[in-house]
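As structure tokens, the structure follows; a few thoughts come after it.
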Amino acid sequence: MSIIWEKSNPPLSSWDFNKLLPRIQEISQQFQITSLNRQIEACSNILNQKRFIDVAIFGQFKAGKSSFLNCLIGKDVLPVGVIPVTTAITRLQYGEKERVIIHYYDGNAEEVPLERIEEYTSESRNPANRKNVEIVDVELPCLEDFSGLRLVDTPGLGSIFKYHRETSANWLPEAGTAIVAISADRPLSENDLALIGDLREHTPRVVLLLTKVDLLNDEQQQEVIRFFQETLRKELDIELEVFPFSTRLNADKWKEKLRLELFSKISFNWEKEYRKILRHKMTSLLKNCLSYLEIAWQSSRQDEKDREALRQLILDDKVNFRAMEKEITWIARENSEQTRTLISQRLERLEEAPLKKKLTEKLKQELPTWQGNLWRLTRRYEEWLAENMREEMTRISQTEHRHFFGTLQKAHAGLSRSLDIFRSLLANNVEKVLGLKLAEAEWKIEITPPAQPDIKISRTYDYHLDLVWFLIPMFIFRPLFEKHFLRMIPGEVFVNLSRLAAQWEDRINKAIEAMKKQALNYVREEIATIESLLSQVQGRSEEIKAIIQELSEQLKNLAS
């Protein structure tokens with residue numbers, strides 16, 4: 001089935017949104033409600049582009065998101081691998097010819113061949129997004145059936161993987177339709193439920209994609225789907241569609257089901273879906289704006305002395321930036337100091353002795369096959385050692401990395417608890433003093449993933465003994481040199497495991513520092529917003545009341 005959406009989409013009757021969003025932005029700037037900035041930006045992006053509905057794929061790392069999209073479009077465009085791969089948001093859309101456009105944070109853009117996309121979107125070729133790629137847009141003729149839609153691949157979230165602005169956590173407000181990928185080889189987690197809850201705030205359509213169902217028989221598939229639905233009803237009081245999928249078994253059957261029951265429906269009703277998405281996001285934005293304005297209105301009705309009393313009651317000793325800064329800094333520092341110890345202990349306990357033995361036995365087997373003088377033997381040994389050490393350090397990073405994140409997870413949990421308590425205290429104070437409920441504000445802790453391991457091989461000899469190879473009779477001294485090579489292995493293993501631990505320590509501690517800055521910025525912005533609403537409203541009671549009435553009417557219009 002071919003579903004073609006012409007590039008010249010039908011005109012949208014969006015005059016109300018075009019007027020409402022600038023008005024909310026004006027009000028937000030007027031009263032310094034900085035907490036609404038990200039929602040305003042997302043609504044503006046959707047309102048202005050009007051060409052696409054973004055169908056974004058979210059989920060924990062290794063849930064099979066990139067593999068799913070490659071299978072869906074019938075072309076291996078997105079990189080996949082055994083470790084978290086995607087490092088930048090990638091958007092796939094229909095185009096008359098293959099085209100890849102890289103957008104950078106500095107505002108520049110360049111077009112590159114499709115075969116080079118991995119250099120910009122994969123963790124291995126662009127670790128921690130060092131190239132500062134904001135968005136990668138891919139145009140493909142094979143996506144003609146999806147015209148009017150834009151498929152968005154996001155980096156895996158995981159319990160600790162949340163990246164900077166371009167990555168998954170901050171992409172939530174942009175989603176038009178959200179597909180949450182969950183692998184069949186693990187249960188529905190608390191992180192999945194939190195992600196689904198967040199997405200429900202931003203988009204009217206969220207569906208679940210049960211990937212890797214080839215691991216289950218038909219009965220097990222139905223059992224897992226029932227478990228998902230029961231958990232969603234119990235925990236979130238919602239029901240969502242669940243689409244099974246496998247890239248290995250019956251892929252065409254699963255693709256056709258998705259086309260008919262999801263993508264076709266969105267395409268056929270493009271304008272209706274577009275307005276539903278925009279209405280959903282604008283409604284959420286309006287509600288949050290009204291909550292803050294209610295605080296300003298209550299404050300404006302007090303005289304200066306009473307307003308100061310209100311400020312002190314709401315921003316009491318427990319809701320204090322200096323106190324929060326102290327606590328957040330302490331959490332970050334305490335966990336950072338333990339990072340190296342945790343990683344080193346893990347490597348020493350599980351990897352050092354087995355790796356020494358493994359490399360020693362392997363070298364014993366290979367040494368007899370090496371031919372040549374001392375110079376050639378030494379070069380061959382150094383190449384062998386570098387190659388095997390790189391292979392082993394990479395293996396350890398891939399298989400053990402989840403065990404290195406202890407301090408990162410503890411820091412994340414500690415900061416999350418602190419910010420939840422801060423938010424709860426602030427909201428309780430607002431409700432107690434003003435009788436108002438403060439709308440839940442967004443905050444996401446962003447984490448940069450650790451880079452790939454780097455290897456260092458020591459010189460085989462402290463002096464250039466191999467340069468006088470012609471003076472050394474190998475048939476006499478070769479056994480001594482072979483013993484020397486074998487004796488070097490334990491030291492090389494120790495050095496490179498230490499280097500690996502140091503690299504991961506550096507990356508993890510940088511991530512903890514980034515989390516600390518994000519948490520402090522959140523606290524600073526929330527306090528600044530409340531301060532502004534409590535201190536800059538004298539004599540503006542009627543003005544604020546009129547704005548509240550104006551926005552309340554708009555909220556009713558959106559609901560009708």
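In the stretch 429-445, the count of residues that are farther than 30 Å from L290 by Cβ and either out of contact with any helix residue (DSSP H, G or I) (no Cβ under 6 Å at 6 or more places or on another chain) or modelled with pLDDT under 75 (or both) is zero. Tell me the residue from L347, L385, L377 that is farther than 16 Å from R487 by Cβ, surrounded by 17 or more Cβ atoms within 10 Å (Cβ to Cβ) and of a type outside the set (F, W, Y), please. The unique qualifying residue is L347. Taken residue by residue, the stretch 255-264 has no member that is touching a residue at least 12 places away in the same chain (Cβ under 8 Å), basic (K, R), closer than 18 Å to C71 by Cα and outside any helix (DSSP H, G or I).
Yes/no per residue for (1) in contact with a His (Cβ under 9 Å, 6 or more places away or on another chain); (2) within 24 Å of F422 (Cβ to Cβ); (3) in contact (Cβ under 8 Å) with a residue 12 or more places away in the chain; (4) surrounded by fewer than 17 Cβ atoms within 10 Å (Cβ to Cβ):
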{"residue": "F494", "(1), (2), (3), (4)": "no, no, yes, yes"}
{"residue": "R499", "(1), (2), (3), (4)": "no, no, yes, yes"}
{"residue": "Y522", "(1), (2), (3), (4)": "no, yes, yes, no"}
{"residue": "I530", "(1), (2), (3), (4)": "no, yes, yes, no"}
{"residue": "I544", "(1), (2), (3), (4)": "no, no, yes, no"}
{"residue": "I547", "(1), (2), (3), (4)": "no, no, yes, no"}
{"residue": "A559", "(1), (2), (3), (4)": "no, no, yes, yes"}
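Cβ-Cβ distances below 9 Å connect the following pairs, each with a first residue in the stretch 356-374 that is in the same structural domain as N496 (by TED's automatic domain parsing) and more than 14 Å from E387 (Cβ to Cβ), a second residue that is exposed (fewer than 15 other Cβ atoms within 10 Å of the Cβ) and among the β-branched types (V, I, T), and a separation of six or more residues or different chains: L374/V468. Take the conditions (1) in a loop (DSSP other than H, G, I, E, B); (2) in contact with a Leu (Cβ under 8 Å, 6 or more places away or on another chain); E96 misses just one of them, which is (2). Residue check: is F243 at pLDDT 85 or above, among the aromatic types (F, W, Y) and not in a helix (DSSP H, G or I)? The answer is yes for F243. Among the residues making up the stretch 388-431, those that are more than 15 Å from I512 (Cβ to Cβ), in contact (Cβ under 8 Å) with a residue 40 or more places away in the chain and surrounded by fewer than 19 Cβ atoms within 10 Å (Cβ to Cβ) are R390, T394, S397, Q398, E400, H401, H403, R423, L425. For the residues D198, D252, D185, D214, the requirement of being in a loop (DSSP other than H, G, I, E, B) and either among the hydroxyl-bearing types (S, T, Y) or not assigned by TED's automatic domain parsing to the domain that holds E542 (or both) singles out D185.
Residues in the stretch 510-520 that are among the small types (G, A, S) and crowded, with 22+ Cβ neighbours inside 10 Å: A511, A519.
The values are calculated or read from the model by the stated rules, or taken from the named source; none is laboratory data. Only a predicted model underlies this, so the values are computations on that prediction, with no experimental measurement involved. Counting neighbours? That spans all protein chains shown, and the Cβs are built from the backbone with ideal geometry, glycine included.
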